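Enquirer: Before anything else, here's the structure in question.
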Amino acid sequence: MVEFGGWEMPIQYSSVLEEHRACREHAVAFDVSHLGSLHVQGDGALDLLQSAFTNDVGRIAPGQAQYTHLLDPADAHVVDDIIVWWLADDDFIVMPNASNTSRIADALAGDHSCTVEDITMSRAIIAVQGPEARKTLAPVVTSDVERFHVAPTTYGSADGFIAGTGYTGEDGVELHVPREAAAETWRAVVAAGIQPAGLGARDTLRLEAGLPLHGHELGPGITTLQAGLGWVVRWDKGDFRGRDALLAEKERGVDRKLRGLLVAGRQIPREGCRVSIDGKEVGAVTSGNISPMLQQGIALAFLPPGVSDGTQVEIDIRGRTATAKVVKPPFFKRA
Amino acid sequence: MEFPEQLKYTKEHEWVAIDGARARVGITDYAQDALGDIVFVQLPKVGAAVAANATCAEVESTKSVSDIYAPVSGTIAAVNETLNDTPEIVNRDPYGAGWIFDVDLTDAAEVDGLLDASAYRALVESD
């Protein structure tokens, strides 16, 4: 068990590699109750989210979910990456990362046309992920919700939600379960044949899928554009927090960009390892590990713009040089 | 957890099998269990001189990287190259197929400074 964003969480239940493969081949369940849930409700809820976040909620409809960013108004760094569930007309759940929940609540506060309530402690979130997640979940909950959709459902006699979202690069769902039904639902998920997975596999899965992690690929000093997530920004939707600063960066051009690095062998780049091209240092690793599916080292790193895919780089791993090439994530794609 | 009687041990959680002037070195069952899935082993070079208590190899899990210290001084006589492709053997068979390297001893007296199985077990149980 480790402390993570104020929560006690298991690194692994059995083995990181075994849990990772189970997610790619079958299905696993993560207890991700540490994610925040902010209930935003009222006449002004849609306008509030539109003016706060980079993505355009107007491009989805009630019953759908969207990935978005909240930027710092001064320098446009990514304060947090967030999933928005649009439940009904003026009724949303905003899901920040564990340690950012109060920061996002503060950013959304002060609008009198809607309420922002932190409901994190009133529910559990169970992420069931993998190619067989929906099929295996059938005895527990109806799971025909489409990808990036959200629907009301029940857990026993308790009302909750189910969403077609996740953080592994696999198909799957996330269950929003009222606190009183949480333990029973978790046991039912496990009894249905879905093995629990911990933070270790969650990290290797998201890295292999090329997904950013706040505090590594997003955070202070890092903008949406540097992270290569320009699609999360909808310039044509009107003003939003941090737009001016981000637009200024877009016009002058980013000075670095997040790229994938695939190591020729099993050496494992770690956060902070220096990256060079032809002997000249050009950047540093933000996350690195083994790819359990490829059995090769993989990393995300900030490099200067304009480095083409396939470029060979050297990574300094504690004084030893590993050869890698620049690739476009995800590192692993199902055949 | 198993700590074979015939082996010697270090505080750094390595085991040492003495065979005349040669020592075989690996990590203990306790160490492999604490590290979790081992996914890479940086082996020393055959012929390299190593000094007791100096780092000479690395073992990496999905979670972290750990130094391996030479338990005794000498020259690396052999390395377990099967670990290059299948490092998980260290988890499965830490005292057998998961050995890491062999050292030709320069000072046999250093062996006397190593822990025996009961002393090592006491160390682990006090952790």
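Enquirer: Roughly how many Å is it from the Cα centre of region A:177-244 to that of region B:43-108, as a whole number?
Expert: Here the two parts' Cα centres lie 38 Å apart.
Enquirer: Where Rh denotes the Kirkwood radius from the mean inverse Cα pair distance, what is Rg over Rh for region B:39-84?
Expert: Numbers: Rg = 10.9 Å, Rh = 11.0 Å.
A ratio of 0.98.
Enquirer: Which value, in square angstrom to the nearest 100, describes the accessible area buried between chains A and B on both sides, using a 1.4 angstrom probe? Don't skip to the end; give the middle numbers.
Expert: On the way: alone 14480 and 6410 Å², together 19580 Å².
Chains A and B together bury roughly 1300 Å² of accessible area.
Enquirer: I've got another one for you. Express the accessible area of chain A per residue in Å², computed with a 1.4 Å probe while the remaining protein chains stay in the model. Working shown, then result.
Expert: Values: 13830 Å² over 335 residues.
Accessible area per residue, chain A: 41 Å².
Enquirer: Another question about this same structure. Once the mean 1/r over all distinct Cα pairs of region A:278-335 is inverted, what Kirkwood radius in angstroms do you read off?
Expert: Details: mean 1/r = 0.0805 Å⁻¹.
Mean inverse Cα-Cα distance, inverted, gives 12.4 Å.
Enquirer: Let me ask something else about it. With no solvent and one equal point scatterer per Cα, compute the Debye intensity ratio I(q)/I(0) for region A:211-335 at 0.11 Å⁻¹ and report its log10, rounded to two decimals.
Expert: Scattering profile of region A:211-335, log10 relative to I(0): -0.40.
Enquirer: Picking from A:GLU132, A:GLU18, A:GLU208, which is most flexible by a Gaussian network model of chain A using Cα springs under 10 Å?
Expert: Evaluated over chain A, the most mobile residue of the options is A:GLU18.
Enquirer: Could you give the spread of the C-alpha atoms of region A:86-245 along their three principal axes, from largest to smallest, in whole angstroms?
Expert: 51, 40, 27
Enquirer: Would any residue of region B:3-38 have its amide N under 13 Å from a label point 7 Å out along Cα→Cβ of B:ASN53? List them or say none.
Expert: Correct set: B:11-12.
Enquirer: Structure shown: which of A:LYS328/B:LYS45; A:LYS280/B:LYS45; A:LYS135/A:LYS250 lie over 32 Å apart, alpha-carbon to alpha-carbon? Write down the numbers at each step before the final one.
Expert: Working: A:LYS328/B:LYS45 34 Å; A:LYS280/B:LYS45 28 Å; A:LYS135/A:LYS250 44 Å.
The pairs that break the limit, which is 32 Å between Cα atoms, are A:LYS328/B:LYS45; A:LYS135/A:LYS250.
Enquirer: Right, here's the next one. Looking at the square roots a ≥ b ≥ c of the eigenvalues of the Cα gyration tensor of region B:1-40, which shape do they give, rounded for a/c under 1.5, prolate if a/b is larger than b/c, or oblate? Each step should come with its number before you reach the end.
Expert: Working: a/c = 2.62, a/b = 1.72, b/c = 1.52.
Taking the square roots of the gyration eigenvalues as a ≥ b ≥ c, region B:1-40 is prolate.
Enquirer: Select from A:ILE298, A:ILE83, A:ILE317 the residue whose mean-square fluctuation is largest in a Gaussian network model of chain A (Cα-Cα springs shorter than 10 Å).
Expert: Taking springs between Cα atoms under 10 Å, the residue moving most is A:ILE317.
Enquirer: Given labels modelled 7 Å from the Cα in the Cβ direction, how far is it in nm from A:TRP235 to A:ALA183?
Expert: My value for the distance between the label points is 5.4 nm.
Enquirer: For a bin width of 5 Å, list the pair-distance distribution of region B:8-113 built from all Cα-Cα distances, rounded to whole %.
Expert: Calculated over all Cα pairs of region B:8-113, the distribution is 2, 14, 27, 27, 18, 9, 3, 0 percent.
Enquirer: Can you tell me how chain A classifies by the Cα gyration tensor, rounded, prolate or oblate, using a/c under 1.5 as the rounded cut? Each step should come with its number before you reach the end.
Expert: Values: a/c = 2.10, a/b = 1.19, b/c = 1.76.
In terms of gyration-tensor shape, oblate.
Enquirer: Could I ask something else about it? With the Cα gyration tensor of region A:21-123 in hand, give its eigenvalues times 5 under a square root as the equivalent ellipsoid semi-axes, listed largest first in whole angstrom. Before the final figure, lay out each step's value.
Expert: On the way: eigenvalues 112, 52, 42 Å².
Taking √(5λ) for each eigenvalue gives 24, 16, 15 Å, largest first.
Enquirer: While we're looking at this one, here's another question. Which helices, taking whole DSSP H runs in chain A, have alpha carbons extending 15 angstrom or more along the helix axis plus mean Kyte-Doolittle at least -0.5?
Expert: Numbers: long enough: A:179-191 (19 Å, -0.02).
Sorted by number, the helices that extend far enough and score high enough are A:179-191.
Enquirer: Keeping every protein chain in place, order A:MET293, A:MET1 by accessible area at 1.4 Å, biggest value first, i.e. largest first. Walk me through the numbers on the way to the answer.
Expert: On the way: A:MET293 55, A:MET1 150 Å².
Accessible-area ranking of A:MET293, A:MET1, largest first: A:MET1, A:MET293.
Enquirer: So how far apart, in nm, are the two label points at B:LYS11 and A:ILE277 if each is 7 Å from Cα heading toward Cβ?
Expert: The two pseudo-label positions are separated by 4.8 nm.
The values are calculated or read from the model by the stated rules, or taken from the named source; none is laboratory data. This is a predicted model, so every value here is computed, not measured. As a convention, Cβ positions derive from the backbone with ideal geometry for all residues, glycine included, and neighbour counts pool all protein chains shown. Note: accessible area is taken over every heavy atom of the protein model, side chains too, but ligands, DNA and RNA are not part of it. Shrake-Rupley method; radii C 1.70, N 1.55, O 1.52, S 1.80 Å.
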